[in-house]
Every structure is written in C-alpha cells, then in structure tokens.
Amino acid sequence: MAAHLKKRVYEEFTKVVQQQHEDLSAKKLRLTKPSKSAALHVDLCKATSPADALQYLLQFTRKPVEVESVEGVVRILLEHYYKENDASVRLKIASLLGLLSKTAGFSPDCIMDDAINTLQNEKSHQVLAQLLDTLLVIGTKLTENPSVRMRLVEVACKHLTDSSHGVRNKCLQLIGCLGPVEKGAAKEAESQAAKDVQKIIGDHFNDQDPRVRTAAIKAMLQLHERGLKLQQAIYSQACKLLADDYEQVRSAAVQLIWVLSQLYPESIVPIPSSNEEIRLVDDAFGKICHMVSDGSWVVRVQAAKLLGSMQQVSSHFLEQTLDKKLMSDLRRKRTAHERAKELYSSGEFSSGRKWGDDAPKEEIDTGAVNLIESGACGAFVHGLEDEMYEVRIAAVEALCMLAQSSPSFAEKCLDFLVDMFNDEIEEVRLQSIHTMRKISNNITLREDQLDTVLAVLEDSSRDIREALHELLCCTNVSTKEGIHLALVELLKNLTKYPTDRESIWKCLKFLGSRHPTLVLPLVPELLSTHPFFDTPEPDMDDPAYIAVLVLIFNAAKSCPTMPALFSDHTFRHYAYLRDSLSHLVPPLRLPGRKLVSSPVSPNITPHEDPSQQFLHQSLERVYNLQHLDPQGIQELLEFTIRDLQRLGELQSELAGMADFTATYLQCQLLLIKALQEKLWNVAAPLYLKQNALASAAAKQILEETYKMEFMYSGVEGQQVVIIHHMRLQAKALQLIVTARTTRGVEPLFGMCEKFLQEVDSFQRCFISELPHMQGSFVDKLLDLMPRLVTSKSSEVVKILQTTLRQSTFLHLPLPEQLHRATANIIEPTGESDNPLRFTSGLVVALDVDATLEHVQDPQGTVKVQVLYPDGQAQLIHPKPADFRNPGPGRHRLITQVYLSHTAWTEPCQIEVRLLLAYNSNRSKASAKIPKSTWSESLEALPQSENGIEGTIPFSKPVKVYIMPKPARR
Amino acid sequence: GAGQDVGRSCILVSIAGKNVMLDCGMHMGYNDDRRFPDFSYITQNGRLTDFLDCVIISHFHLDHCGALPYFSEMVGYDGPIYMTHPTKAICPILLEDYRKITVDKKGETNFFTSQMIKDCMKKVVAVHLHQTVQVDEELEIKAYYAGHVLGAAMFQIKVGCESVVYTGDYNMTPDRHLGAAWIDKCRPDLLITESTYATTIRDSKRCRERDFLKKVHETVERGGKVLIPVFALGRAQELCILLETFWERMNLKAPIYFSTGLTEKANHYYKLFITWTNQKIRKTFVQRNMFEFKHIKAFDRAFADNPGPMVVFATPGMLHAGQSLQIFRKWAGNEKNMVIMPGYCVQGTVGHKILSGQRKLEMEGRQILEVKMQVEYMSFSAHADAKGIMQLIRQAEPRNVLLVHGEAKKMEFLKQKIEQEFHVNCYMPANGETTTIFTNPSIPVDISLGLLKRETAIGLLPDAKKPKLMHGTLIMKDNSFRLVSPEQALKELGLAEHQLRFTCRVHIQDPRKEHETVLRVYNHLKGVLKDYSVQHLPDGSITVESILIQATAHSEDQGTKVLLVSWTYQDEELGSYLTSLLKKGLPQSST
C-alpha cells in the first residue's frame, strides 16, 4: 500500500513539474519538437545529484534523436552545462554534444559558437578534452567552410599550452584534421592566427608526454594525408624521435620518415660525424632498417612493412640489407650461402661433413669490423630471423616487393627466401613460397637452392605442396641435373600423396615446356630406352609414368629432335594421352603420323583458329536454315549439337562456348520437337504420351535455361535476353500443355495472368534489346498484347500456340569469353571398398576436396549435397573459409561434411555432389534494371520474378560407402 | 668468478651500500678447491649473511648455480636467494645429478648432500618476469627474459637511483623453443654482460637447422641410424622440437628415441613452463603442447639392436661415457649410420677425437674400434653473438658496460668496439679484481608546487629531456633540499631583498641623428626578437620586455652613438643576449 501511494505521489509530482517547464521552454523552441527536449530538460531539472543527472543523460543517449529536435536538445544541454558544477556531468554533456552533432542532416554550425564559448570558462582538463573532441566532430562535418575551420584551429592553438596531455592531444588532433592545407588561399586569411600549422605541430614533437608526441606525429601524418606537402625540415626532427623511449612514438615516427622519404627522395642529407652526404631516401631507408631490430615488435612489423614500399632506394643500399658479415674469433668467415655457392661453382657437391669445414680463413682487420652498422646492414637478415612471425611475414612481403622492382636484388634475396621455406610457422612458409613465385621470372634457381625447395615437397600440408607446385611451374632451372632432381622429387611426392596427381602433372607440363633443351639429354634415361635391348613397356595407368610422359611431350613440343628418341610404345602412349589428357599433352609434329589436329601456333588470332572457324560455320549453318522443312531442321540441329559437343571435348579453350551453344540448340530442338507433332492439331485433349513429351520438353528447357544463365561465366546482356526469351517460350509451351490437358477455365485463367505478367516484365527488363529481336516470339507476342489482355484464356492459348510455331529462331551471339563452371570432386574418390563405419545417431566427418573452375562467388553459390539411399537429401553450405583461391577463375573447396543416419543392416553407398545454387532475383537481368528504369520496375519486380531459387548439379556425383552401426547398449 | 673466464660465474656487486652476489657457479674444468668460487674473499670471519643482502641466480646451468648448496649450507648463508620459477624447479635436479656423479662415481667425500640441496632450495625465493621484488627497503630487483635456456633471466638490481643489470647468459636470436632476450630502455649505470661469443657473428640459424635436418633425413631414408649425443637440458629440447616438427611436417615414420632419466624429468618441466617459451609454442599449446612429443619415445637399451632406421638422443654430449658411448660403439661399424655432434667437445673425449678425423679409436681394454659411420658437426649454441651483445647494449642504453664470462682476448676486442660505438666506458676485470664505477647520482630536491607551476608557465612549453632553467632558491637544511621561490626564501630566512641591475654601454657607428638610430635599433630588434614584445617608448627609449635601451650621441664623436642597455639580474639571460646582439652592429640594409 505504501509503495502504491509513493508511486502515485511520484507520478503526480512528475506531472506537475512537466507542465511547468513545458511552458517555459515552449517559447524558445517553437520550431522544434518540444516534447523530446522538454522531457530531457525536465529530467535534468529533476536530478538532485550529479549521479542522477548522469543517469538521465545515459538513458537519453540510448534513444535516437530526430534531426529537427537536435538543435533544441543541444540548447537544453548547453543551458545545463553552464549550471552544472560536477565535472563528470559536464563531460557527459560535452560528449553528448559531439554525438548529437553527428546526426545525419543536422548542420552543427549553429552550435559551434556555443561550444567554443564553453571552452573559455572550463577548468576541468577532461571536460576540455571532450569539448575539443566535440569541436573536432563539428569541424569534420563542416570541412567545406574555411572560416569555421580557421576558427577551430585558432581555438586549438590557444589550448595547446594546456598542462594536461589529453587536451594537448585533442588540440593536435584537431589541427591535424582541420589545419589549412591549401597554402595559397590560407596565407592571407590566417597570416597571424595559425601561422604555420606544421611549425606548431612540429614544436610538439618534443613534448614531455609521449602521448602528445604521438598525437603530434599523427597530426602531421593526417595533414599529409589531406594533401599538405610536409616540409623537409621535419625530417631531422623525426629522425630524433626514432630513438624515443615509447613504442607508439617510434612507430609513428617510422611512418613519418617513410612519408618524407617518399616526398623528397632525391634531396641530399649529410651523414652526421662525417662530411659525406647521401640521398634522403637512402638515409631514411637506413634508419628504418635500423628499426627492424627495435625492442618492440610492433615497431619492427611496421618498419619491415614499410621497407617494402621504398622502391627508389639505390641498389647499393638495398643489397646491404642482406649482408651480414660473419666472423669467428676475429677472422672473416663465409656464410653458409657463400659456401654453397662456391661448392656449386666448383662443380662439387657439398661434403659438409668435415669438422671445421667452415673454418675461418682470412684474418680481418679489427678496426674495419663494425658490429652495429648504422646503415641498412642485415636488416632483412634480422627481420627474417625474428621471434615474432608477424615480423617475419612482413619482412618476406617487403622482400617480395623490393625484389619485384629490382632483379639484381631478387637474385640476392633468393637464398634467404629459400631458407624461409623451413620456417616453423606454416603461414610464413606459404608466404615465402608465394613470394618466390611472384619474383620467379627474375631468377634462376641454383641446384643447391632447388634442392632445398624440393625438400619442402614432402610437407604434409597440402597448401604448401600446391603452392610449391605453382612455384615450380614458373621457375627457371639452370641444369639438366636440376630438372632430373625436380622430377625425382615430384615423383616421390606423387607416391607419398597420390591426391596431388593433377597438380604434379600440371607442374611437369610447365617444367617441360620451359626447359626443352635440358630435358632432351634426359629422355633416354627417363623413358629407360636402351640402344640394343627392348625394354618392357611401362604401365600406361601408372601416374608416375604419365608424369614423365607429360614432361617429355611438353618439352618435345619445341624440340623437334626429341621424338627420334621415342620408342614405339611411346608414340602409342602419346596418342592415348593426347586424347585422354588433352589439357596436359600438347599436339606434336610426329614423324610418320598425320597431324590430326593442326599445330596451333600462338601467333594465330582466335578468328583464324580453324576450330573457332568450325564453330562459327556450323552455327551459321543452323541460323540460316530456318525455312527448311522441320525434319531437316531437326536433323541438322542434332548433328550440329553432336559436333559442338565433340568440339568442346577436344578443344578445351572452346569448351565453354561450344557447350553453351549446344545447350541452346538443344533447347531449340526440344521446342521444335514438342511443337512439331501433328497431334497438336487434334482438337481433343492430348494423348497421355504426347502430353508427357511436351511437358517434359518444357521442363527440360526451363532447366537448361537456368543452367545457361548461371553456370557460365562471361555471359553478357545479349545472351541473357535470349536465354530469358527461351525460358518464356518454354513457359508458353507449359501453358499450352496445361490448357490442353486440364478441363475448366479457372486454373487456366490464373496461369494466363501470370504468363502475361511475365511477358510484361520481360519487356521492361529488356526494352533496349527488343529491336534486335525482329520476328521472334516475344516480338510477335507484344504486337498482339492488346488483344491478349482482353481476350479469354482459351483464346490466349490459341494465339500463343500459333505464335510459338511461327516465331523464328533467334541468333545467339557469342561473347568473347565463355566458360562453363565445372567442379571436380577429388576426395572422396569413390573407389574405396571399405565402408566408413560409425555409430548410428552420431556423426561422421567426411572430408570433401573439390576443385571449382569458373565459378563466380563460390562462397555464396556452391553447396554440397548428400543423397542417402533412402532418398533423403541433405544440403550443406560450406563455410566461406573453406574456399581457397589458388588462381584466377579457380577455386578449391576443402571442407568437411557431417553425415549421420539411423542404423543400417549392411553398408550402402551415398552420393556426394556439388550444387550450384541460383536465385533468379540475383540474375544478370534484374541487375540491369536499376540502370534503366528504377522507379517503375521496382514494384513490379517482386511479383514477376518472385525469386525462383534452385540448384544445378555441376559435378559428377561420387559414391561413398558408409555403414552406420547400431549403437551398442 | 667468470672474470675473463668461462665457468664458475660469481660476481659481487656493491651498489649504494648494498652487497649483492650474482650467480654462484662451479667450474667444470677443476676437481679440487678451485671448482668453487673462493667465498673467503667476501669475509674471513663472520657469517656471510651479514655481508650479503641477497644472492641472484640467473639460470640453472651448473656454471651459474653449481656452488649454491656448498655456499649456503657448508659455508653458511641464510639470506634470500632469488631465481625464476623454472630455474627453481630444474636447478635441484641438476644439482642432485652433479652430486651423484661426484660423490657416487668419483667417490669424493666432503661434498654437499641431498639434504643440503633441499635445505638450500628452501631459501630460494622465486620471482616472475618483470616482477619488481623489494629485497629490503632500498634494494629492488626485477627479472627480464633472457632466452638461452628455460627460465634464464636477466636481472636489474636497483638501489635508489643507481642500477645494475646482470644478463647471465642470454640469446638474442630466437630458436625453436625459446624467444629472444629482451630488455627495456632502463638505462642502468652498469650493464654486466656475458661475452662468450665476443668475436663471433653467427650465420643464420636457418641454414644450420636445414643442414641438420637434411642430414638426418637422408640417413634415415637410407635406412641408417642417427646418434645425437646431447646434454640433458637446453639444446636437447631444442633439437627434439626441431626433429619433432620436421617429422610431423614430412610425415616421417622412423622412430626417434630419447635416453631416459634426467631428460624425461626435465621435459616435464618444459611442459609446465610453457609461458617461458617462444611465440609458436605458446600459441599452439592450446591444441597441443609441443613438449608432448608424438614421435619421440623413451629409449630402452634393447632398442639399439633393432633393425631399421632410427634417431637416438643420448647423454652425455661428448661421448665420453654412459649411454651415448655404448650406442656409439654398437653403431660405429656401419657406414650407413651417422653421429651428429651438436656442440663443442673437450679435448680427450671420444667426441673430440672423431671430430678431428680420427677413424681408429683405442677403447679401454686395448680394443680398437674402427669408425665407419659418418661424423657430423653442427653448432647449436644459445649465446648471444657479438652483434647480439651490441644489440642488447643498444636496447638498455647503459652508462657503463662490464664484460664477464668470456676469454680475455676476445673481450678486449669487444671492449674496444663498445667504447667506439656507444662512447661508454667498458671494463673487463679479471677474477678477484674490483672495478669501481663512478655514477652521477641524482639528488632529489623538494620543490614547492607554487614555484613549479609559476616557472613552467613562463616561457615556452616544458621540454621532455632537456634540462630546464629555473629561478629559485635552494635551501639546504636538516639534511634535506628544498627549492623555493626567492620571496619565500627571503621570508623564511628573514632577509631583505636587494635589487641588482646591470648596465652596459654599446658603441655603434652611426652618423645619423639619435632618434633615427633608435628607430633603426628598434626595427632591427623587432625583426630579430619576434617572440618578445619590443616597444618604442615616446621618450626615445626602447624596451624589450623589461630591458631598457637608450641611445645618446658620443660626447666626442658624433658619428658614434652610445647605446645604454640596462637589465635586472632576473633578465640576465635576455640582457646578455641583447648586448651581444647589439655589439654585432646594425644591419646595413636599413639605408
């Protein structure tokens, strides 16, 4: 009861107060919505203690404020600000002001004066800092207004002398963000006020507080980012900051030095303690190199990263970064790298077994040894040996970038990169392999280096091995022993990890075609031919033997003398491989053999390419033959489809194109077949058989059109129109079939409606393409549109039927590049006879490994489907992280699929396949709409294309033998 | 100990009245009294506890802690002994082992007992990294990570504003299981650093590792057996991790064995003290503790005769006795096998003989053993090389450097280098020698807040490191210093204030009228002194802040003007600057 009373009292009390104040504030805030600000005002007045007020403010912060009432709220807040004695409440108000001025659509210039005024009387440093922060927000919203900026900068300069680091920090930040950048314009306006922003900021480089120093450097960088050209004089100041005690200062200073080195690369700076002078960029490079051995790893990472982007450094300095003089007991020692090189050049393999093999030779002059060189010496040597892998990765990246711009440096850093192949962290190893690949056109591997590289082939990580295969694809090897070594190691790899087969073959293909002359002397040995004796014919299915053949055939392509060394069975094997692995085995000019496929020399342009010509000719033939009798058309289409399919198999580069057109023709063929039956003319409902054929055709056409639209990469607008057109025809066919088979008008009516809507949306989507579609189905349909809309559904069907028959066959223009999305499941192989046993009700993880080609956005579209023998299907969405992108247009899916089922009595096979999910809303057609007519199509779109979602299987299903066992009790 | 010498590390530091002993090691080369430091050097009579404030042990190697039980129990010391947690854990194992060898095998008497080791360890206080420990009111110590072996630390010893850093042994390049030594910019008065590799700059560790792995891999692939003689702690773990990860990476199947005993116990501690290891191990231990070896199993004597390839780590490291020698004798005859010596071997041991190329060894009993197996040498050492030492000095920025734990000749070179590069004094005392280092102790002075605020408000912003000039009065009273404003000082001491004013005449050659000269001087000053207020008063004088300048014509020579510059004592700085400026004359441009 008491509580209830209390509540009532409280309620009443609040009511009274509210009314009082609403009157008061209503005068001021006529234009704004009084409710919100007034409520706040009331709350604040009610607050008896600062803690209360703070609580109200906190609550207020959580609610959004409309643009119109912002100003009112700000006024109220300011009013309280002046009255408030407690610093924490003022702080909160100040932060609220900043928050409010961020409101979109609100122009804060009206509150700026007030905010500046509040600064004047403020005593608390924290509140001051917060107010400055608010000003910063206001300033960033009003960047176009130079006078506002000027004023703010002036205010900031005034408070720079504050004793609190927080205030100085904010001031510098403000100056950095708002300081005048345009020299000329700013000069006359603010000659005395903000004299020189750079000087002001520069003065704070020596501030006593490290946070302020950092802020000063950051402000300077901010100015640079905004386009102000920093003065060179700062350089010496920045260099001093590199020796700062605090890591954040050093880190920022490194950045500043880097910026300056990019601005003034060629100016000359003196070297202290000597009379010499060097280029600024070299000096800066040396200094940043020095920071690679800094005490803090954050700075080290930063320094190592920045080194990579300093491309103008002279090569002399660059090469020093890899130099680390070794000594032992004051005698110069050669590094292991140098030793390896020497052994190589003297033509001996490293014995490396003698005690004191690396015994130091020459005495060195004690004076000449500089233990800590002030230059760039050994920066990368240190960076690559760093404790933190972040630093090592940064160093590898930097090496990569520098090596790409300087071939001589690339040659030098090779040893170090090769060393990194043995890093303890996989990421670093992978990164260094990638780096090596990127610079591989600049380098040739020595045998000892190759040896180290190849040793990594046994790595158990698939990523590493594959990266290495990629690397080997584009490396240059100097000797035939090198090639032999590479082959032997790759074969070893093959036996150890049979799943790498494809990747190894591909690698050998490139290795062969790059080094034909080096392979030539190896041929007899590799094929184990003997001058006198016949050797047994190797097993054709042995992957290792295929690997050797791939190497040899690719080398033979540019080495005409090689086929003379082949034995008879080699030629036979060639013919077989050329057919079965056409992407790996090039066409060869072999003696005594007709050239089945003419050698394609690379300088022939695609149009002259005979197979391309063939494709075009056959299509031409089809398109010209629209007036032949239906029988003839059908036959021609059938032949052409067959030809195209065969062509696609033979010519991998044309496969996409050929398949695409073949599918299109197939659709056309189906349509013709379905329509062509004489039975259509019978007035009575169709025969069951006829019905089945036509509806199946319609269904298949629909499916094929989705495939055409979503499975090919490189499909352009022109093709999309035709695909959609085809789909429209299929839908028309469907309509006709249903009209013929069902009785009653009711269902038909709805279908007609829907169909007409679709025609409508088609017209809207592709209005620009319509002129190209003379005489087509749609063209005719649109002519008849007024009639169709008014007529009855049976009438509509009739019209549709005639138009479908009379319409011409649209020419499908081919885009430049067309690739069919393909997927190949590598694992599971589906060959295992041992069932995967698991307890029913629990899950078992199945590793799935597949390569995807020409799939756009695989993360969103590729799914894994598991079909159980009982017809149950399971769709799995792989995680985005499961997709890797080894090359353009290629993806790799390595994921785990969880299987589960109730107990079976005996093992059975499940099917695993990959699906490509599509959604017609996402199609290219609808993507086009916004460009043309945004507003109209927007409302029509959701109904007409109500997002038909579906999936296309695009890989061969793989069978997995599984056996869920009943759980033991 | 450890002065121009390796082994028997024992350094005495007296700092601001406190005595600290750094390390308490034994010497491996001696078996007589010389093996332990001479503790009578500290005091002839009386207890050590009275003379030493604390003892600090840097890590568990016997040359750094071997004499500890002798020192604390037999000589008698009851004060605190500081070491890190891993050191405290592993140290007694090693001491016990050492005791066993000396007492049980060599049959020495008058040696410390197991109980003594236990008692000694009770006196140990364990510290954490970067933990500041107050030994007593004034003395505080702090440990830094040193790499080298598990639990190795560098110690900063600080009394008041004077400090010493002792590095113990440290390693600046990270290895497979430990990180690199690190110290902040603590700017000690003295840095005592080891200098084992004072004249060596080492090759990249990656090359060494790769060579090692390649050799092992090749031998194993050939079906051979690899013997790696190691000492129980430190390098053994490093090599284990190296091989373990390699086996994992390359999917190798050949077994790796580890001789049991000491090492197993130690491995247990390595597993425990994961936080002391390097980044990789620390990061991956959630999935798997790297020291829980998957491929490395305990060795049994019978395994040595097993067919097929294998890798065996066996103690001791110099092939002079024990299991490693037994295995070596079994395998030496087969050229497919290999022995890899991962460290230095003392002359006279089998290890040294085979490394120097001897192929026929005479064993005890006149047996002649023919060595057909391959012999390899790989250096895996965890000391900082010359470059690393320099790097540490650069990080810590000491005012003096003292070199220990190294050979005199090598130290000489490094000393010269340090002096040349860093311009700091460098010392290298021999055993028993005392080096005195003078420090510039800073004396704290109390300053009144009012004065401080007033003084910082004047002039430009306070500067971080540069000394700032302040005006005040220093009062030394009752053994304390106070800095107060002059007025307050006057008031306190009851003195009257005197004003001091300097006046100076400057002659200027200027034929023009007086007021013109004044104007020129005014313009000139205004141009030069931008940050000061320069005013031209109506009575023909110029003021710069509070300094007065007047010009009169010279009584004899009208062409010479006399400038009278007058300033008070407080403005001495500006005044003298102004006179020197005026003495240089006026620029000619104004005509």
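The values are calculated or read from the model by the stated rules, or taken from the named source; none is laboratory data. Everything numeric in this text was worked out from a predicted model, so none of it was measured. Every residue, glycine as well, gets a Cβ built from its backbone with ideal geometry; the counts of neighbours run over all protein chains shown. Just so you know, the surface numbers come from the protein's heavy atoms only, side chains and all, with ligands and any DNA or RNA stripped out. Shrake-Rupley method; radii C 1.70, N 1.55, O 1.52, S 1.80 Å.
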Worksheet, complete the sentence: For segment A:610-806, the Cα gyration tensor yields equivalent-ellipsoid semi-axes (√(5λ), largest first, whole Å) of 30, 20, 15
Practice prompt. Could you tell me which of rounded, prolate or oblate describes segment B:81-223, using a ≥ b ≥ c as the square roots of the eigenvalues of the alpha-carbon gyration tensor, with rounded for a/c under 1.5 and, failing that, prolate when a/b is larger than b/c and oblate otherwise?
Written response: oblate
Item to complete: Report, to the nearest whole %, how much of the accessible area of segment A:720-845 belongs to carbon and sulfur atoms, 1.4 Å probe, protein only.
Response: 52
Item to complete: For helix B:514-528, report the angle its Cα long axis makes with the longest principal axis of the Cα atoms of chain B; keep it between 0 and 90° and round to the nearest 10°.
Response: 20
Practice prompt. Return the average number of partner chain Cβ atoms within 10 angstrom of each residue Cβ along peptide B:204-217.
Written response: 5
Worksheet item: Name the residues of segment A:194-213 whose accessible area falls by at least 40 Å² when all protein chains are present instead of the chain alone, probe 1.4 Å?
Response: A:N206, A:Q208
Worksheet item: Which residues' amide hydrogens lie under 5 Å from the amide hydrogen of B:I15, considering only partners 5 or more residues apart or on another chain, with H built in the peptide plane?
Response: B:V20
Fill in: Segments A:660-668, B:486-494, B:149-157 sorted - mean Cβ within 10 Å per residue, highest first
B:149-157, A:660-668, B:486-494
Discussion item. Could you tell me the relative contact order of chain B? Use alpha-carbon pairs under 8 Å, at least six residues apart, and round to a whole percent.
Written reply: 12
Fill in: Ordering of A:253-261, B:442-450, A:479-487 by burial proxy (mean other Cβ atoms within 10 Å per residue, highest first)
A:253-261, A:479-487, B:442-450
Worksheet item: In degrees between 0 and 90, to the nearest 10, how far off the longest principal axis of chain B does helix B:235-250 point, with axes built from Cα atoms?
Response: 80
Item to complete: Return the carbon/sulfur percentage of the accessible area of segment B:501-584, one whole number, probe 1.4 Å, all protein chains in place.
Response: 51
Item to complete: Rounded to the nearest 0.05, what FRET efficiency do A:S460 and B:S114 give with R0 = 51 Å and r taken as the Cβ-Cβ distance? Could you check?
Response: 0.65
Fill in: A/B buried area, accessible surface, summed, 1.4 Å probe, Å²
5300
Worksheet entry | segment A:460-509 - percent of accessible surface contributed by carbon and sulfur, probe 1.4 Å | 57
Worksheet item: Taking the Cβ-Cβ separation of A:E753 and A:D542 as r and a Förster radius of 51 Å, what is the calculated FRET efficiency to the nearest 0.05?
Response: 0.20
Discussion item. Treating only the Cα positions of chain B as identical point scatterers, give the base-10 log of I(q)/I(0) from the Debye formula at each q in 0.06, 0.10, 0.11, 0.12 Å⁻¹.
Written reply: -0.49, -0.91, -1.05, -1.19
Worksheet item: Hey, what's the Cα Rg ratio for segment B:205-377 versus the globular rule of thumb, 2.2 N^0.38 Å?
Response: 1.03
Worksheet, complete the sentence: Interchain or sequence-distant (5+) residues whose placed amide H lies within less than 5 Å of the amide H of B:C426 are B:V401
Practice prompt. Determine the shielding of peptide A:380-390 by partner chains: average, over its residues, the number of Cβ atoms on other chains within 10 angstrom of each Cβ.
Written response: 4
Worksheet, complete the sentence: So the FRET efficiency between B:Q535 and B:V424, C-beta based with R0 = 41 Å and rounded to 0.05, is 0.25
Fill in: Scaled radius of gyration (Cα, divided by 2.2 N^0.38 Å) that segment B:252-354 gives
1.23
Item to complete: Skip the ligands, DNA and RNA, and give the accessible area per residue of segment A:457-591 with a 1.4 Å probe, whole Å².
Response: 42
Practice prompt. Place the peptides B:184-193, B:385-394 in order of packing, highest mean first, counting for every residue the other Cβ atoms within 10 Å and averaging per peptide.
Written response: B:385-394, B:184-193
Worksheet entry | the protein assembly as shown, Cα convex hull volume normalised per residue, Å³ | 357
Worksheet item: Ignoring ligands, DNA and RNA, what accessible area per residue does segment B:205-377 give at 1.4 Å, in Å²?
Response: 43
Worksheet item: Taking only protein heavy atoms and a 1.4 Å probe, what accessible area per residue, in Å², does segment A:610-806 have with all protein chains in place?
Response: 47
Response to the item:
Placing each pseudo-label 7 Å from Cα in the direction of the beta carbon, A:D579 and B:Q416 end up separated by a distance in nanometres of 8.1
Discussion item. Ratio of alpha-carbon Rg to the 2.2 N^0.38 Å globular estimate for segment B:501-584, to two decimals, please.
Written reply: 1.01
Worksheet entry | HN-Hα J in Hz across segment A:552-557 - Karplus 6.51, -1.76, 1.60, θ = phi - 60°, x for Gly and Pro | 5, 5, 5, 5, 5, 4
Worksheet, complete the sentence: HN-Hα couplings for segment A:497-505 via Karplus (6.51, -1.76, 1.60; θ = phi - 60°), in whole Hz with x for Gly/Pro, come out as 10, x, 5, 7, 3, 4, 4, 5, 4
Response to the item:
On each of the three principal axes the extent of the alpha-carbon atoms of segment B:201-265, given in whole Å and largest first, is 36, 29, 19
Discussion item. From the gyration tensor of the Cα coordinates in segment A:457-591, what semi-axes in whole Å does the equivalent ellipsoid have, largest first, with each one equal to sqrt(5λ)?
Written reply: 23, 16, 14
Worksheet entry | Computed helical MRE - 222 nm, the protein assembly as shown, DSSP H runs ≥ 4 contributing -39500 (n - 2.57), nearest 500 | -14500 deg cm²/dmol
Worksheet, complete the sentence: Contour minus Cα-Cα span, B:D211 to B:L452, at 0.36 nm per residue, comes to 80.3 nm
Item to complete: List the residues of segment B:372-388 whose accessible area drops by at least 40 Å² when all protein chains are present, compared with their chain alone, using a 1.4 Å probe and counting only protein heavy atoms.
Response: B:Y377, B:K387
Practice prompt. Take every residue in peptide A:451-458, count the Cβ atoms of other chains within 10 Å of its Cβ, and give the average of those counts.
Written response: 3
Worksheet item: What ³J(HN,Hα) values, in whole Hz, does the Karplus curve 6.51 cos²θ - 1.76 cosθ + 1.60 give for segment A:72-78 when θ = phi - 60°, with x put for Gly and Pro?
Response: x, 4, 4, 4, 4, 4, 5
Fill in: Cα-based helix-to-principal-axis angle, B:205-222 vs chain B, degrees rounded to 10
10
